[in-house]
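Accompanying notes for the structure given below.
The values are calculated or read from the model by the stated rules, or taken from the named source; none is laboratory data. Not measured: the values here are computed from a predicted model. No Cβ is skipped: glycine too gets one built from the backbone with ideal geometry, and neighbour counts run over all protein chains shown.
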Protein chains: 2
Amino acid sequence: MLEKADLKKTMIGPEFKQLCGRLKGELAVLQHAVKEKRLPVIVLFEGWSAAGKGSMLADLILTLDPRSFKVYSTLPPTEEERRRPFLYRHWIRTPEGGRFSIFDRSWYPEVSLARVEEKLRAKEAYRMMDSINTFERQLSDDGTLIIKFFLHISHKEQEKRLKKLSADKDTAWRVTPRDWKRYKLYDEYYTAFDEMLEHTDTPYAPWHVIASHDKGAAMAEIYRVMVTSIKSALAAKEKPPLLPEGSPEAGGFPLVRTPKLSDIPLDMTVDPERYKELLKKKQKKLAELHNRLYRTRTPVVVVYEGWDAAGKGGNIRRLVKSLDPRGYEVVPIAAPSKTELAHQYLWRFWKEVPKDGHVAIFDRSWYGRVMVEHIEGFCTPQDYHRAFREINEFEKELYDWGAVVIKFWLQIDKEEQLRRFKDRQETPEKQWKITDEDWRNREKWDQYEDAVNRMLELTSTEYAPWTIIESQDKRFARLKAIEAFISAIQKRL
Amino acid sequence: MLEKADLKKTMIGPEFKQLCGRLKGELAVLQHAVKEKRLPVIVLFEGWSAAGKGSMLADLILTLDPRSFKVYSTLPPTEEERRRPFLYRHWIRTPEGGRFSIFDRSWYPEVSLARVEEKLRAKEAYRMMDSINTFERQLSDDGTLIIKFFLHISHKEQEKRLKKLSADKDTAWRVTPRDWKRYKLYDEYYTAFDEMLEHTDTPYAPWHVIASHDKGAAMAEIYRVMVTSIKSALAAKEKPPLLPEGSPEAGGFPLVRTPKLSDIPLDMTVDPERYKELLKKKQKKLAELHNRLYRTRTPVVVVYEGWDAAGKGGNIRRLVKSLDPRGYEVVPIAAPSKTELAHQYLWRFWKEVPKDGHVAIFDRSWYGRVMVEHIEGFCTPQDYHRAFREINEFEKELYDWGAVVIKFWLQIDKEEQLRRFKDRQETPEKQWKITDEDWRNREKWDQYEDAVNRMLELTSTEYAPWTIIESQDKRFARLKAIEAFISAIQKRL
């Protein structure tokens with residue numbers, strides 16, 4: 001894409017002043033609509049050393065209300081950041097509706113600069129670029145406007161600028177040996193940048209290569225892109241969304257067959273004495289395994305879903321009993337907060353992705369989207385339709401990073417649920433466990449059953465299959481969960 | 001405190017089983033009350049290497065619902081963490097009401113281990129311990145229960161344990177050269193620990209030194225402390241709080257006199273032409289200064305408070321115009337979220353403390369507590385009474401860390417506000433700026449004036465004085481704010 005940029009473009013003073021004045025005025029007005037319509041906006045600046053990222057970004061934000069944006073300067077990941085999937089630190093910085101996240105360098109150095117400086121291999125770079133495309137598509141589908149600028153200058157221009165900066169004692173400190181090293185390898189970077197631009201130039205998040213020899217012309221172009229992009233994003237928000245066609249799809253990921261809920265036999269039990277013995281044995285194994293996880297820096301993500309009163313809490317408790325408390329965390333998922341609702345729905349789960357070597361246990365999870373949110377109408381039909389693919393993509397990202405992804409569905413039948421509800425209601429110490437909502441959900445049993453069947457069908461992937469935990473007998477369920485946990489990890493190690 | 005611990009205490013099997021069984025049962029029941037009454041609980045474990053912190057913590061949490069707590073393993077601060085005040089990373093981990101934050105090591109290694117390992121000097125250690133006491137007192141005053149365990153073993157016992165761990169190939173990896181180094185310097189650590197325990201043993205957050213030669217006896221004691229502490233914290237919650245006596249106080253910090261609002265002359269103006277000229281000059285100076293801030297790693301915290309329509313937004317905009325966008329951030333403060341309300345009120349401001357070398361500009365701030373929250377009854381009289389001291393302590397902490405703390409009060413008179421409100425209402429592009437709430441607040445002008453006068457009187461400290469910005473003429477106000485900003489920083493540099 002770089003060879004197409006017309007680096008000779010210039011703009012003379014009055015022409016620039018008039019055009020920019022008009023565009024700035026438009027942008028100043030548009031930002032109120034951005035706020036009012038709760039449009040989330042990402043603006044990112046990439047480009048050559050000395051191309052003027054810092055100064056153009058500084059210029060741009062003068063037009064914006066300082067309360068409406070946050071500027072993120074992205075540095076190479078720290079040790080701590082390297083312990084999470086590479087998109088983690090970027091995901092958590094995505095803006096909520098009505099706000100701008102402005103990036104001075106973004107996720108792109110990790111697939112461009114890194115190819116020259118850290119010898120990142122092409123295959124891995126392309127995998128990461130695919131992940132970036134998915135990331136940007138998920139945000140865009142949720143309504144985020146993504147504006148990507150690449151500031152382009154020629155090798156000769158770069159030399160001129162670096163020399164000029166070095167010559168002035170006030171600016172000399174800005175030019176580092178690394179800048180000169182990058183200057184020398186211009187051609188290598190050119191290839192890396194160009195491949196990156198080509199591969200991540202998508203309809204939902206296109207690149208704008210800005211010819212930056214002339215700052216005036218570059219700024220005018222930046223303002224023009226800002227104004228037209230925001231305008232069309234706001235216009236798109238006004239149009240009624242198209243109803244999704246056909247059934248939801250898994251997104252082309254390899255699926256594993258799971259039984260329908262009604263076909264699952266629930267008559268397994270285990271003798272209480274035998275249970276104690278087996279539990280002790282398995283927990284010992286678990287403790288050893290946790291040590292190995294820690295030493296091999298393998299992350300584990302566990303999802304617990306299941307009917308109300310299926311025994312999630314007690315099951316989790318037995319599982320964590322032998323884990324080192326410094327290496328796991330239980331994440332209870334309740335209704336989303338206002339801030340969480342203002343972000344793409346996976347944002348709040350990304351925030352909880354564990355460090356490598358750690359275990360995160362989700363007590364309820366992102367699957368809420370295809371169950372309660374879908375049934376209660378807390379998300380749109382479009383959101384629901386997209387969710388299966390998005391979830392599979394999310395879990396694939398975790399898997400590719402090295403995580404073991406384990407998902408449990410705790411199954412009981414309707415009669416058993418009633419027995420347990422009644423028991424909770426009649427036992428004083430258990431009354432806090434039962435609410436009116438539980439009874440209301442129970443009335444929608446059939447709807448939930450359909451939703452769960454579809455969920456099992458579309459999200460049981462080879463890399464993150466569902467395990468059914470028959471939970472009519474709690475003891476059986478606990479043993480099975482621990483066993484499945486152990487074997488999933490052993491398979492990966 | 002260490003010499004008082006009876007290290008010979010032991011417990012034989014059945015005795016331990018019976019006592020612990022009863023205490024565990026009590027704790028299991030109490031945790032529901034903790035949740036229901038929204039009691040925030042901090043439990044922290046400190047002690048000697050090989051004293052058993054990890055295993056006792058693991059044991060303790062088995063009794064708790066895994067959804068109700070989070071375990072934090074505290075390591076020495078990372079590079080990134082060192083760029084903020086030392087309490088920052090601990091403040092942001094304090095629990096919300098109804099939850100437990102359990103610390104495997106906490107803020108204490110930074111004032112104990114560090115004295116031996118990083119040659120932290122006594123004077124600095126004592127200053128930090130005072131900060132810790134303030135931190136714990138503020139949390140405790142807000143209702144947080146703080147339970148601190150120190151696991152104590154003798155030098156001989158430590159040797160025995162380290163040898164035993166080293167001898168077994170499964171556990172040998174747990175013993176690091178650092179453990180042996182620490183073992184050798186037992187006496188030095190003893191002194192450091194003992195000073196720490198003495199100085200931070202407070203009525204609101206007492207230490208519990210646990211004699212840990214016998215794990216059974218130690219665990220029983222831990223359970224006993226947990227149960228009695230939680231019981232008395234819950235009982236204290238039931239009692240109606242005492243009404244504060246006397247007037248609020250500044251907390252003994254050196255105060256600077258500020259004028260009463262009614263005594264502030266507001267007739268200053270500046271000629272528009274002269275304004276342009278001066279603004280340009282000052283902004284140039286500001287840009288240079290920002291470079292120096294960055295290079296000297298000096299953090300700056302700016303607070304903007306003032307009447308509605310006093311011109312905060314426009315003033316901030318002129319101030320940031322010449323700052324490098326990668327080095328500052330505007331933090332708009334609105335009504336607190338549910339999560340924020342469930343924490344001590346300074347928690348949400350601690351989260352926004354900038355990195356060193358950065359500027360954080362608060363558009364409204366923690367002073368909301370002594371203005372709107374006080375007047376509208378969003379906080380109790382007790383909360384209000386304590387707030388002045390707490391705020392002064394907070395700002396002192398920032399100052400001691402090296403920050404320049406700058407606070408602006410933008411003053412206009414009641415007639416000018418009316419003119420601006422009307423102007424906003426009549427100008428279509430400005431209508432979004434005015435709400436019914438602004439009119440309602442205006443009706444309480446006199447109450448606000450009293451509150452502001454008291455605020456200026458009690459929180460204008462020598463290290464963080466208020467600057468009155470006469471804002472009847474917006475141009476004058478902008479120049480004065482920039483000037484005050486520059487001179488406050490120059491004074492510190």
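Name the single residue that is nearest to the other protein chains (Cβ to nearest Cβ) among those in segment A:318-335 being closer than 29 Å to residue A:378 by Cβ and either out of contact with any helix residue (DSSP H, G or I) (no Cβ under 7 Å at 6 or more places or on another chain) or in a loop (DSSP other than H, G, I, E, B) (or both).
For segment A:318-335, the residue satisfying everything is A:332.
Residue A:86 fails exactly one of the following numbered conditions: (1) touching a residue at least 40 places away in the same chain (Cβ under 8 Å); (2) under 24 Å from residue A:209 (Cα atoms); (3) more than 13 Å from chain B (Cβ to nearest Cβ); (4) in contact with a helix residue (DSSP H, G or I) (Cβ under 8 Å, 6 or more places away or on another chain). What is the number of that condition?
The number of the failed condition is (2).
Counting only residues that are within 15 Å of residue A:214 (Cβ to Cβ) and over 37 Å from the mean Cα position of the chain (by Cα), which one in segment A:151-163 is surrounded by the fewest Cβ atoms within 10 Å (Cβ to Cβ)?
Filtering first and then ranking leaves A:156.
Going through segment A:300-317 one residue at a time, which ones are more than 14 Å from chain B (Cβ to nearest Cβ) and farther than 26 Å from residue A:397 by Cβ?
A:307, A:308, A:309, A:310
Test of understanding: among A:123, A:119, which residue is assigned to a loop (DSSP other than H, G, I, E, B) and more than 20 Å from residue A:350 (Cβ to Cβ)?
Checking each option against the conditions leaves just A:119.
Report, by residue number, each residue of segment A:255-277 that is free of Cβ contacts under 8 Å to residues at least 60 places away in the same chain and part of a helix (DSSP H, G or I).
Across segment A:255-277, the qualifying residues are A:263, A:273, A:274, A:276, A:277.
Spot the failing condition for residue A:352; the list is (1) in a strand (DSSP E or B); (2) within 14 Å of chain B (Cβ to nearest Cβ), and only one is missed.
With respect to (1) in a strand (DSSP E or B); (2) within 14 Å of chain B (Cβ to nearest Cβ), residue A:352 is out only on (1).
In segment B:391-432, how many are without any contact (Cβ under 8 Å) to a residue 60 or more places away in the chain and of a type in the set (Lys, Arg)?
4
Looking at (1) away from chain A (no Cβ under 14 Å); (2) on the phi < 0 side of the Ramachandran plot; (3) in contact (Cβ under 8 Å) with a residue 60 or more places away in the chain, find the lone condition where residue B:143 falls short.
Every condition holds for residue B:143 apart from (2).
Of all residues in segment A:36-68, how many are within 12 Å of chain B (Cβ to nearest Cβ) and either out of contact with any Pro (no Cβ under 8 Å at 6 or more places or on another chain) or assigned to a helix (DSSP H, G or I) (or both)?
Of the residues in segment A:36-68, 18 are within 12 Å of chain B (Cβ to nearest Cβ) and either out of contact with any Pro (no Cβ under 8 Å at 6 or more places or on another chain) or assigned to a helix (DSSP H, G or I) (or both).
Between A:233, A:205, which is modelled with pLDDT of 95 or more, within 26 Å of residue A:117 (Cβ to Cβ) and either within 32 Å of the chain's Cα centre (by Cα) or not in a helix (DSSP H, G or I) (or both)? Walk me through it before giving the result.
On the way: A:233 fails: within 26 Å of residue A:117 (Cβ to Cβ).
None of the others qualify; the one that does is A:205.
Need the failing condition index for residue A:114 against (1) away from every other protein chain (no Cβ under 14 Å); (2) in contact (Cβ under 8 Å) with a residue 60 or more places away in the chain, just the number.
(2)
Mind telling me which of the residues B:297, B:292 ends up being out of contact with any Lys or Arg (no Cβ under 7 Å at 6 or more places or on another chain), exposed (fewer than 15 other Cβ atoms within 10 Å of the Cβ), under 28 Å from residue B:392 (Cα atoms) and within 13 Å of chain A (Cβ to nearest Cβ)? Break it down stepwise before answering.
Working: B:297 fails: within 13 Å of chain A (Cβ to nearest Cβ).
Being out of contact with any Lys or Arg (no Cβ under 7 Å at 6 or more places or on another chain), exposed (fewer than 15 other Cβ atoms within 10 Å of the Cβ), under 28 Å from residue B:392 (Cα atoms) and within 13 Å of chain A (Cβ to nearest Cβ) holds for just one of B:297, B:292, which is B:292.
If I filter segment A:336-349 down to residues being in a helix (DSSP H, G or I) and farther than 18 Å from residue A:371 by Cβ, which single residue comes out as farthest from the other protein chains (Cβ to nearest Cβ)?
Of everything passing the filter in segment A:336-349, A:347 is farthest from the other protein chains (Cβ to nearest Cβ).
Could you list all residues from segment B:1-33 that are in contact with an Asp or Glu (Cβ under 7 Å, 6 or more places away or on another chain), in a loop (DSSP other than H, G, I, E, B) and either within 13 Å of residue B:223 (Cα to Cα) or among the hydrophobic types (A, V, I, L, M, F, W, C) (or both)?
B:1, B:11, listed by residue number.
Check whether at least one residue in segment A:407-417 is hydrophobic (A, V, I, L, M, F, W, C) and in contact with a Leu (Cβ under 9 Å, 6 or more places away or on another chain), and report yes or no.
Taking every residue of segment A:407-417 in turn, at least one turns out to be hydrophobic (A, V, I, L, M, F, W, C) and in contact with a Leu (Cβ under 9 Å, 6 or more places away or on another chain).
Can you find, within segment A:69-78, the residue that is nearest to residue A:205 (Cα to Cα) among those that are part of a loop (DSSP other than H, G, I, E, B) and more than 7 Å from chain B (Cβ to nearest Cβ)?
By that ranking, first place goes to A:74.
Checking residue B:364 against (1) within 11 Å of chain A (Cβ to nearest Cβ); (2) under 24 Å from residue A:55 (Cα atoms), only one condition comes out false. Which one?
Among (1) within 11 Å of chain A (Cβ to nearest Cβ); (2) under 24 Å from residue A:55 (Cα atoms), residue B:364 violates only (2).
Before we move on, is residue B:11 more than 12 Å from every other protein chain (Cβ to nearest Cβ), of a type outside the set (Ser, Thr, Tyr), in contact with a Phe, Trp or Tyr (Cβ under 8 Å, 6 or more places away or on another chain) and closer than 30 Å to residue B:155 by Cα?
Taking the combined requirement at face value, the residue does not satisfy it.
This table checks each residue for (1) in contact with a Gly (Cβ under 9 Å, 6 or more places away or on another chain); (2) modelled with pLDDT under 95; (3) under 30 Å from residue A:53 (Cα atoms).
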| site | (1), (2), (3) |
| --- | --- |
| A:223 | no, no, yes |
| A:226 | no, no, yes |
| A:238 | no, yes, no |
| A:243 | no, yes, no |
| A:248 | no, yes, no |
| A:284 | no, yes, no |
| A:299 | yes, no, no |
| A:306 | no, no, no |
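Could you go through segment A:169-179 and let me know if any residue there is assigned by TED's automatic domain parsing to the domain that holds residue A:54 and on the phi > 0 side of the Ramachandran plot.
No, segment A:169-179 contains no residue that is assigned by TED's automatic domain parsing to the domain that holds residue A:54 and on the phi > 0 side of the Ramachandran plot.
Among (1) modelled with pLDDT of 90 or more; (2) not in a loop (DSSP other than H, G, I, E, B), where does residue A:291 come up short?
Residue A:291 satisfies every listed condition except (1).
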